[in-house]
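The values are calculated or read from the model by the stated rules, or taken from the named source; none is laboratory data. Everything quoted here is computed from the prediction, not taken from an experiment. Neighbour counts are summed over all protein chains in view; Cβ atoms, including those assigned to glycine, are modelled from backbone coordinates with ideal geometry. Side chains included, ligands, DNA and RNA excluded: accessible areas come from the protein's heavy atoms. Shrake-Rupley method; radii C 1.70, N 1.55, O 1.52, S 1.80 Å.
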Amino acid sequence: MAGKTSGKIKLSFPDKSEAEFAMGVKAEEVVKQHFKKEQAAKALGARINSKVIDLSAPLDESGEFDILTFETDAGLDLFRHSSSHVMALAVKRLYKDVKVAIGPSIEDGFYYDFDNLKINDEDFPKIEDEIKKIVHEKLMFERKEVSKQEALKIFKDEPYKVDLINELPEGEKITTYKLGEFEDLCRGPHVPNSGVIGAIKLLKLAGAYWRGDCKNKMLTRIYAISFPDKKMLEDYLKMIEEAKKRDHRKLGQEMDLFSFHDEGRGFPFWHPKGMILLDEVVNYWKIVHKKYGYGEIKTPIILNKELWLRSGHWEHYKENMYFTQIDNSECAVKPMNCPGGILVYKDKLHSYKEFPLKIAELGLVHRHELSGVLHGLARVRSFTQDDAHVYCLPEQLEQEIINIIELVYELYGAFGLKDYHVELSTKPEHHIGTDDVWEKAEKALENALKNRKVEYELNPGEGAFYGPKIDFHIKDSLGRDWQCGTIQVDFSMPERFDMEYEGQDGRRHRPVMIHRAILGSLERFIAIILENYAGKLPLWINPGQVKILPIADRHMEYARKIADEMRKADLRVEIDTRSESTSKKVRDAQVEKVNYILVVGDREMANNSVNVRTRNNEVLGEKKVSELINELLVEIKEKTIK
């Protein structure tokens, strides 16, 4: 709703209520009058008709009004941006010659770039003490609008601000925010005062070129995090420490799964145990896809330029691709599997009777990533994508989406991943295809989610240019979100590649094409489950299922006999033959995250048994070998999560 009459504005609120206010009323007054006391106390800023504003801002238009809290994305962004100003003021107070550059909020906190600042981690406590003083002072964030000339005068001693101001066109409205004695060039908005920011923790230092250009001066970047109170900060720091213990790069080394080398930066080297884990994931993936009626294909890694021009990747994705020459023909290493899969579809004319046609590929793709963003298996330059395409008739679309959702649930559930949220993203401003086609596709996605009783969040205008989509975000044991699965209706590829099928009427038609990935990158998915379980993988996928620890050399032959029995049952078992104490062998097996540790000595030899303990130091006691084997096989078959 919009508009204004006779000096009044009308606001609507999330609870569906409406109220009139005097023109120019401040947002904070609306919050005070309309929202409950506990809600109002949490307000950091406000939103009017999708525009984020300060609480001190006057309102001059009617429309939808809501508050921003720390729990909202916009509120969190505002809070962290305000925190960067508080940190900058503290640095300016302590280091008089420092020059300020930029200080945005980022996904994991915020940073500020400084020039003429020579510090190390040992200086952090001093800066944090000054920050505490500023928080205690409850300094107001004061907004001011200035002309370009006024801005240049205000920031005449701040060369990086002058650089930014000079880029702005004449006549553009420029805003500054003043916090105590520190005035910054800033669009805002901000929290009301520094006292709102309960706790700030400096995290690390880094070097950063001004504007990201290596030809410019290297600045000092301080990364930090902030929260409304100390308890939230303490909880976050505990989570960070736990995350370090769970870092898949550390676990990969301890469990001997994979490694990375300078000779191939960004390309993982899989070790024998890592291949076991990868194969177990793939084998289960294949079983489930066969059950759901998918055929599997394999397409080449290198394909010629003409294909990538046709698919649009050459135009839109070239900077992320690798290239080579074959027989004087320019070729690219595939960054995505779709074009190759489409060539397989087009190899013959399909009939409507074949639909739905489900084709999957575990395809190795290569994408160039800057070295600075590489992160173990989670961000690599080559990975295996579990792509699939479903070709169907328009009237089959909704049911096929439901089938894919069922497949997602089954796959994720087997890995113990049951906490995730779903997003439906609809038509963006720039798109291909008619409004009618988009509406039908969006309705099919929406109906599928509702019929399956899936709770979802709507993201208007956030679909891909080629079609609407459903995304699945997994939440791990530390509460972190990982976007893995996606279901996308693709209007682009069938048109670009002139894809057809023969309909019931004997004429040629365009198929409806669903692109979907469930695990996404297998490498990234393995990083997720390693960190989710802190390396303590379920028995069915763990490369190290059993380790036998003979107490003395005379027990070695018995250990080999047990190992042979277990291998015949298709269990993965190793013997620790080292001349170490049993307690050290147990500790080492626990570090390797082996599910079951079997100690054998004179008593066990006499009883044809083993003494069983787990990686969590749970002592299960003496068991017959045959009994234990049966128990483990049941645990594997049922994919038990322990």
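The share of accessible area on the chain that comes from carbon and sulfur is 49 percent, using a 1.4 angstrom probe. Where the alpha-carbon atoms of the range 417-540 are placed on the principal axes, they occupy 56, 29, 28 Å, in descending order. Summed over all non-identical Cα pairs, the Kirkwood treatment of the range 1-80 gives a radius of 12.5 Å.
Ordering I641, I9 by accessible surface, largest first, gives I641, I9; the 1.4 Å probe counts only protein heavy atoms, with every chain in place. Solvent-accessible surface (1.4 Å probe) assigned to I297 amounts to roughly 40 Å².
For the range 201-356, the dipole from Cβ point charges (+1 on Lys and Arg, -1 on Asp and Glu) about the Cα centre works out to 460 debye, to the nearest 20.
First obtain the Kirkwood hydrodynamic radius of the chain from its Cα pairs, then insert it into the Stokes-Einstein equation at 20 °C and 1.002 mPa s, and state the resulting D in µm² per second as a whole number. Translational diffusion coefficient: 73 µm²/s. Rg and Dmax, both from the Cα atoms of the range 153-302 and both in Å, are 25.3, 71.
Ranking H368, A88, M499 by how far each Cα lies toward the positive end of the dipole of the chain (charges on Cβ) leaves A88 at the top. With helices as the sole contributors, the chain gives -10500 deg cm²/dmol at 222 nm; each DSSP H run of n ≥ 4 counts as -39500 (n - 2.57), and the sum is divided by every residue.
The label-point distance for K238 and E565, in a model that sets each label 7 Å from Cα toward Cβ, rounds to 4.4 nm.
Solvent exposure of the chain amounts to 50 Å² per residue of accessible area, where only protein heavy atoms count and the probe is 1.4 Å.
For the pair R265 and F465 in one chain, pulling the backbone fully straight at 0.36 nm per residue adds 68.8 nm over the alpha carbon distance. Note the direction-averaged projected area, equal to a quarter of the hull surface, for the Cα convex hull of the range 176-264, in nm². Approximately 9.8 nm², given one-decimal rounding. The heavy atoms of K173 offer some 130 square angstrom of accessible surface to a 1.4 angstrom probe.
With no solvent and one point on each alpha carbon, what is the Debye value of log10 I(q)/I(0) for the range 51-192 at q = 0.09, 0.14, 0.19 Å⁻¹? Summing over Cα pairs of the range 51-192 leads to -0.30, -0.72, -1.26.
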